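Heads up, the thing below is written out as structure tokens.
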Amino acid sequence: MPETTAFPSASRYPSASRYATESRYPSAPSALDTAAPRAGRFGRELGYLLTGLPLGVAAFVVAVAGFSLGVGSFVVLLGLPVLAGTLRAARGFARVERRRVEAVRGRRLPAHHYRNTAGAGVQGLLRALLEPQSWRDLAHMLVAFPLRIAGFVIALVWTVAGVGELFYAVWSWSLPRSEGEEGLLDLMFGISSQGADIAFNTGVGVVLLATAIPVVRGLCALQAALAQGLLTNRTAAARAESAAA
């Protein structure tokens with residue numbers, strides 16, 4: 001079943017023209033709606049967090065630069081097409097993020113819709129500026145940025161540190177040490193024993209890796225919840241569908 005819902009033409013239903021939208025509704029069950037094996041879930045979630053930073057940087061730069069330039073030059077009318085273009089770019093970033101969230105969750109997001117912004121000249125630009133979902137998309141580009149930074153840093157440090165600590169015995173010999181110093185355990189508790197130091201660091205690695213799954217999953221859930229809150233609008237989509245019927 002295609003995701004794009006087609007509405008009757010305005011000529012047949014005159015009142016429907018102002019409600020014409022681009023709507024997306026969850027389609028029939030597919031492979032995406034079936035939960036993937038647990039073995040691959042952590043990899044998808046970690047990949048979602050790590051790839052979120054470069055996407056977030058690009059989105060944030062476009063949002064801040066476009067909005068600032070558009071508002072700053074609005075008086076001379078140059079800001080009108082700049083803001084409209086920024087909102088169009090926000091729709092593109094929102095489309096990418098919806099697909100990312102659906103892929104990591106393994107199920108469809110709720111419906112969303114965009115009003116028809118077709119039109120030439122100033123009228124078309126004004127329609128673009130009055131489209132509410134595009135502004136929600138723009139807000140997501142800004143609000144999600146700090147969460148993406150935090151998610152990237154925490155996920156990367158947590159997993160890499162866990163793996164490094166787990167194999168501490170393999171590479172600990174390469175660490176520069178002062179005479180009589182046996183590592184972190186010695187510095188913290190005054191226990192000068194190479195075996196105890198290796199056991200301590202290996203235990204830290206086990207704890208980090210054992211908790212990596214819930215930590216990464218929680219970070220993903222937070223970003224996915226933000227995306228669902230701003231990039232979907234089931235009520236507005238249903239209202240537009242009802243008005244066009």
Which residue pairs have Cβ atoms closer than 8 Å, lie 6 or more positions apart in sequence or on different chains, and pair a first residue in the stretch 148-173 that is farther than 16 Å from Gly52 by Cα with a second residue that is not in a helix (DSSP H, G or I)?
Ser172/Gly183
I'd like the full set of residues that are aromatic (Phe, Trp, Tyr) and more than 17 Å from the chain's Cα centre (by Cα), limited to the stretch 44-76.
Phe67, Phe74
Identify the single condition in (1) under 17 Å from Asn233 (Cα atoms); (2) modelled with pLDDT under 95 that Ala39 does not satisfy, given that it satisfies every other one.
(1)
Only residues in the stretch 223-245 that are farther than 18 Å from Glu102 by Cα and touching a residue at least 24 places away in the same chain (Cβ under 8 Å) count as the first member; pair them with residues that are among the hydroxyl-bearing types (Ser, Thr, Tyr) and assigned to a helix (DSSP H, G or I), Cβ under 6 angstrom, at least 6 apart or cross-chain, and list the lot.
Ala240/Tyr19; Ala243/Tyr19; Ala244/Tyr19
Please verify whether Ala150 is over 29 Å from Arg44 (Cα atoms) and either surrounded by fewer than 18 Cβ atoms within 10 Å (Cβ to Cβ) or at pLDDT 85 or above (or both), treating the condition exactly as stated.
no
Would the stretch 80-102 turn up any residue that is touching a residue at least 40 places away in the same chain (Cβ under 8 Å), loosely packed, with under 14 Cβ neighbours inside 10 Å and within 13 Å of the chain's Cα centre (by Cα)?
yes
Of all residues in the stretch 153-204 being of a type in the set (Asp, Glu) and exposed (fewer than 14 other Cβ atoms within 10 Å of the Cβ), which is modelled with the highest pLDDT?
Glu179
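The values are calculated or read from the model by the stated rules, or taken from the named source; none is laboratory data. Because the structure is predicted, anything quoted here is derived from the model rather than measured. Here the Cβ is made from the backbone with ideal geometry for all residues, glycine too, and neighbour counts use every protein chain on show.
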